[in-house]
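Here's the structure we're looking at; comments come further down.
The values are calculated or read from the model by the stated rules, or taken from the named source; none is laboratory data. Computed from a prediction, not measured in an experiment: that's the story for all the values here. For neighbour counting, all protein chains shown are included, and Cβ atoms are generated from backbone atoms with ideal geometry for every residue, glycine included. For the accessible areas, the whole protein counts, side chains as well, though only heavy atoms, and no ligand, DNA or RNA atoms are used. Shrake-Rupley method; radii C 1.70, N 1.55, O 1.52, S 1.80 Å.
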Amino acid sequence: MLAESLALTAALFIIGVVGVLIHRNAIIIFMCVELMLTAVNLTFVAFSRFYGTAGQVFVVFVMTVSAAEAAVGLAIIIAIFRHRQTVDLRNINLLKG
Amino acid sequence: MFLQTAVSAAAVAHPLSGTIAEWVWLLPVLPLAGFVINGLLSLNSAHFGAADPNISDHHPPEGGAEALASSHAEEAEEAGDDHHAVRRHRWAGVVSVVGPGVLILSFLLALGIWQAMATTHPEAPFIQRYFSWMPVGDLQIDAALQLDQLSMVMILVVTGVGALIHVFSVGYMRDDPGYPRYFSYLNLFVFFMLMLVLGANYPVLFVGWEGVGLCSYLLIGFWFNDKVNADAGKKAFILNRIGDFGFLVAMFMLFANIGVLDFIGVSAKAGDLVAGSPLITAICLFMFLGCTGKSAQIPLYVWLPDAMAGPTPVSALIHAATMVTAGVYLIARSSFLFSLSPVASLTVAVVGAVTAIFAATIGLKQWDIKKVLAYSTISQLGYMFVGVGVGAYVSGMFHLVTHSFFKALLFLGSGSVIHAMHAAYHQTHSAEDAQDMRNMGGLKQYLPITFVLMWIATLAISGIPLLSGFFSKDEILASVFARAHGSTLASANWLGIPGGTLLYVIYGTGLAAAFVTAIYMTRLMLYTFHGPVRTGTQEEQYLHEPPWIMTSTLVILGILTVFGGWLNLPEVITDVVPLGPRDLLTHWLDPVVGPATARITAGAAQVPAATEQALIGVAVVIAVAGIVFAIGRLKPDRVPRKADAIPEEGFERVVANKYYVDEALDRTIVIPTYAVSRNFLWRIVDNGLIDGLFVNGSAALARSLGWVGSRLQTGNVGIYAWVLVVGVLAMLGAFTLR
Amino acid sequence: MEPHYPLFYVFHFYLFGVIALASAIAFVTRKNPVTAALWLVNTMFSLAALYVMLDAQFIGVIQVLLYAGAIMVVFLFVVMLLNLGHPSELADLRGTGWRLAAGLLGLGLLSEIMVIIRAKLPQQLIVPRDFNEQQLQKLNAVGTIAAPLFKDYLLAFELTSVLLLVAIAGAVVLARGRTVSAR
C-alpha cells in the first residue's frame, strides 16, 4: 500500500498547491494550506507503517503546529479584515515596495 | 651588526678587509645623521612674529627684483628700524657645527680609507654586503656598497668639495630663516650622492640617483614662496625623471639579458654579449639618456640654467661639482658596457661635443652671472662626456675632478660677488638685480681676494698651461685625436659617417668650444671686476669682501685649482719639463677602467710625441687667442646698466634667448601635453569614463538593479505564493533532472 | 516486502482514497468558503479512515478530533464572523489563464514528486517487518506514540508546547481589535 499511499499524498498535495495559486480569498487559501499539511501527514503515516513509529510521532507535531498556525493566521486575517473590510488578496498589498 | 664582507676572489680575503675600509658605511651615514638632526631642528619654530621661520620672505629671490621691491616697501613701513636686524634661527649655532661637521668628518674618514687603499693597492673592488634587498626569484639584489678606485675618487671629490661648500654656506646663508632646513637638505644630498657613488649594483646607484634628483628639487626651490623658484625645481625634477626612464629601461634590458645587476656580475657577463650588437647599443643609449637628464646634456639640459634660482652654494655643489657629474661617473662605471658598443660611445661623444659648443655660444650673451656659469657647466660636462665617450674614462674623470675645483671656485666666487651686491642693494633699499653683470663692474677694488681667485679659475677653465684645467682638457682632446685612427671607434660607422672622421670633427668642435669658453669667461671677468663701477654711487660704499669663513674656502679651492693638474701629468709634458709624477690618476683607475679602455684603443697606433706637443700648443694658442680676443673686442665701459639696457637684435637676440629652445620645447611638448591632458585625459577619460561610466555608472547600475528588485516587492501575497511554487518547482527540478 | 492484502482491505483503501481525492478537488473548486470548508472536512474524515487502515489508529482519531473537529470549526467560525458567505461578494477565483498556468505548475510538480517517490530509501531507516505489530502488542495504540514522544522526542514536545502558548497569546492579541485596546 505504500506506493498507492504516496501517490495519493502527492495528488492531495498538488491539489492544495493549485488551490493556493488560483484562489484569491485568503481564508480559502489557508484551508488549502491545511490540505497540504494533511497530505504530508499521510506521507508520514504511510511511511511509519513500514519504517517505525517515529513517523506517527512526527504527525502529532505537525498537527500541533498546524493548529497553532491556523489560530494565529486567522487572527491576522480578522485583524486585516477590520482595517480593509476585505479578505481579497488583491487589496492586501501594504507591503508594496 | 649585520656586516658581511663578501669574499671577492676564491678564498683569498680582500686586502682591504679588516682595515678602516670596513667603516665605509659610515661615509653616507654621517651626512644622513646630519640631515636628521638639522631636519629636526628646522621643525622648531625659532622666530616669534614670523609666519613661518623656514620661509624667507626677507631674502630676495635670486634673479627676481620686482618682488623684492614690493616686499621691501611694505616691510620698511611696518618694521621700521627693525628691518636691518639679523633674524637668525635659534638653532643656527648647532646647525653651523653639525652641518659642515658631518661633512668634514666624512672627508677625514674618506682620507683614511684612501690611505688604506693607497697602501694595499687592491685589484678587485671591496664589497660590503649588508642585507638582501630584493630577493625575488631570479632577481637577487643586495644592499651593498662597493669600494674601488673609481668610487674613491668620487668620494673624495664629493666629501672634500662638499665640506668646503658647507663651510661657505655657513657664511652665505647665515641670515636666512631657513638655515637648518638648508643644511638638512644639503646633508641629505651628500648622503644620496655617496650612495650613488658607493653603490655596488645599479639599483643602489639608482636610489642615490633618484635621491640627488629629489634634493636638487628641494634645494632649487628652497625659496619656494616665489613661483619662479618652485617652477625651476619642478622643471629640474621632471626632466630628470625623463632621463631616469631611460636608465630604468637600460636596467630592465640588462636584467632581461644578463640576469644580474651588480657591477662585478655585469662586467663578468658582459663579455657574453655580442660586441657592437644592437642590444648592447640599446642598453648603453638608454643609460645615456639617463645621463643627459642628470648631467644636463642635449636634449635634457634646459633645467640647469633655471636651477640657478637656488642658493649659490647649492649651484656650486649640486650643479657644478657633484650631481651633474653623476652621469659621467655612471658611464665610467659602466665602461665594460660602453666599450663593447662603439656606436653608443660615439653617440655619447657626439652629444657631448655638440652640447659643449652649443652651450658655450649661449654663454656668450648671458648677463646673469650665474647663468653664464650654468652654461659653462653644461659645456664642460660636454667635454667630460666626450672624454668618456671616446673611451678615455680616465680623462673624463680627471676633467670631472678638476672641473669640480674650478667650477666650485667660480660659483662660490660669484656667490661672494652676489653676497656683496645684495648687501649693498639691501642697504640702499634698491630693487636692482644683484646678479646681473650689467649692474656690476670694477669690483676688483672691493673684492680683491675673490677677484684674484676667480681669475685663476677663469684661466684654468680656459686651459692656460700648468693650471688644472689645462691638463684635463688637453688630455681629453688628445684622447680624441689618438683614437681617431685605429681604435674600435675609428673603424665603427656612426649613422653612415666613419668613426675616424667623426672623431676628428669632435676634436675640432672641442677646440672651437675651448675658444668660446675662453671668450665668455673672460667676458664674465671683464664685466664683473674690471671697468667702471656700474653698481651705483650710493651702493659702492657698502661693497665689501665676504667674511673670512667664506673666503677661506675660496682660497682652498684656488690652491686645488692651481695644483689639481698634478693628479695626472701626461708623459708628453713630463718628458720635457719634469714637473712631477706621471699619470697618477691613470694608474690609480687602471684596475677599474683599464680593460675597457684597452678594448677601445686596441690597435690604435701611439700618437708620436711631437704631434702631441703640437696639439697642446694649438690648444694653448686657442685659449690665449680667446682671452685676447675678448679683452680686445669687449669694452666694459660701454656696457649699459641693466636698467638702461638696450634689447638685442637679430642673431644676438636668438643667442641671448638661448636659441629659443625652451620656447620650442614648450610649443612642441608642454602645450600639446597640456592639451591632451585637459581635453582628452581629464574631460573624456577622467570625467567621462571613470567618473561617468565607472563611478556614476556603477551607482546607476546598482540603482536600476534595485529598481528591478523593487518591482518584485508588489506586496501582493498571491504573487508571492506563485513565486514560491515556481521556486519549489525549480529546486525539485534540480533533484529530478539529474 | 509488503504482505498480501485481502480484497476487502484493498477495496476500502481505494474507496477512501477516491473519496478523499474527490473531496479535495471539490473543495478547491468551490467559490463559497463555507461549502469549501465542509468539503475539506469530508476530506479529513476519509483520510482519518485511511490512517486507521494504515495501523495509525491514534492518529486517525486525533485527525478527526483535531483537524475536523477543531481547526475546521475555527475556520468556519471565522468565515461566519466575517460574514463572507454572500454569493454577491465572491469573485474568488483568478482568471482562466491563471488557472491554466496553475494547473500546469501542478502537473509539473506532480511529475517531479512522482520521480522522487521512486527513490530508494537509505538502509538505516529500515526496521524489521513486524516492528509495528510488536509495538502495538506491547504498548497498545496510544502507547506506541506516547512512548517515543515522551522519551526520545521530549525536547520537541516541550518546545511545541511553548509554541502553542505563544500562538494562543498571539492570536488573542491580534484578534482583540480596537474597541478593547488600551488608550
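Observations on the structure shown:
- The equivalent ellipsoid that matches the C-alpha gyration tensor of chain B spans semi-axes of 48, 37, 27 angstrom, in descending order.
- Anisotropy class assigned to segment B:617-738 is prolate, per the alpha carbon gyration tensor with a/c at or over the 1.5 cut-off and a/b larger than b/c.
- Total accessible area lost when C and A pair, probe 1.4 Å, Å² to nearest 100: 6600 Å²
- By the combined test of axial Cα extent (at least 27 Å) and Kyte-Doolittle hydropathy (mean at least 0.0), the qualifying DSSP H helices of chain B come to B:92-120, B:149-172, B:179-198, B:227-257, B:342-363, B:369-389, B:393-427, B:499-529, B:609-633, B:717-736.
- As computed over the protein assembly as shown, the Cα convex hull volume per residue (Å³): 324 Å³
- By the Kirkwood approach, averaging reciprocal distances over each pair of separate Cα atoms, chain A gets a hydrodynamic radius of 14.9 Å.
- By accessible area with a 1.4 Å probe, ligands and nucleic acids excluded, highest first: order of B:TRP303, B:TRP682: B:TRP682, B:TRP303
- Charge tally for B:ASP148 (other residues, Cβ to Cβ under 14 Å; Lys, Arg +1; Asp, Glu -1): -2.
- Expressed as a whole percent, the accessible area of segment C:1-93 that falls on carbon and sulfur atoms is 77 (1.4 Å probe).
- Relative to one another, the C-alpha centroids of segment C:135-172 and segment B:527-570 are positioned 112 Å apart.
- Solvent-free Debye scattering, log10 I(q)/I(0), computed from the Cα coordinates of segment B:484-636 at q = 0.10, 0.17 Å⁻¹: -0.62, -1.26
- Segment B:498-579 shape via C-alpha gyration tensor axes, a/c threshold 1.5: oblate
- Note on segment A:2-88: with charges restricted to the Cβ of Lys and Arg (+1) and Asp and Glu (-1), its dipole about the Cα centre is near 180 debye.
- Each part gets one Cα centre, and for segment B:362-432 versus segment B:180-197 those centres are 21 Å apart.
- Qualifying lysines (Cα of each under 24 Å from Cα of B:LYS473; at least 8 residues distant if same chain): B:LYS294, B:LYS365, B:LYS370, B:LYS371, B:LYS407
- Overall form of segment C:1-93 per C-alpha gyration tensor (a/c, 1.5; a/b vs b/c): oblate
- Candidates B:LEU443, B:PHE470, B:HIS426 compared by Cα position along the dipole of segment B:379-492: farthest toward the positive end lies B:PHE470, with charges placed on Cβ.
- Taking all Cα pairs closer than 8 Å and separated by 6 or more residues, the relative contact order of chain B comes to 12 percent.
- Test item: Cα-centred dipole of the protein assembly as shown, Lys/Arg +1 and Asp/Glu -1 on Cβ, debye: 3360 debye
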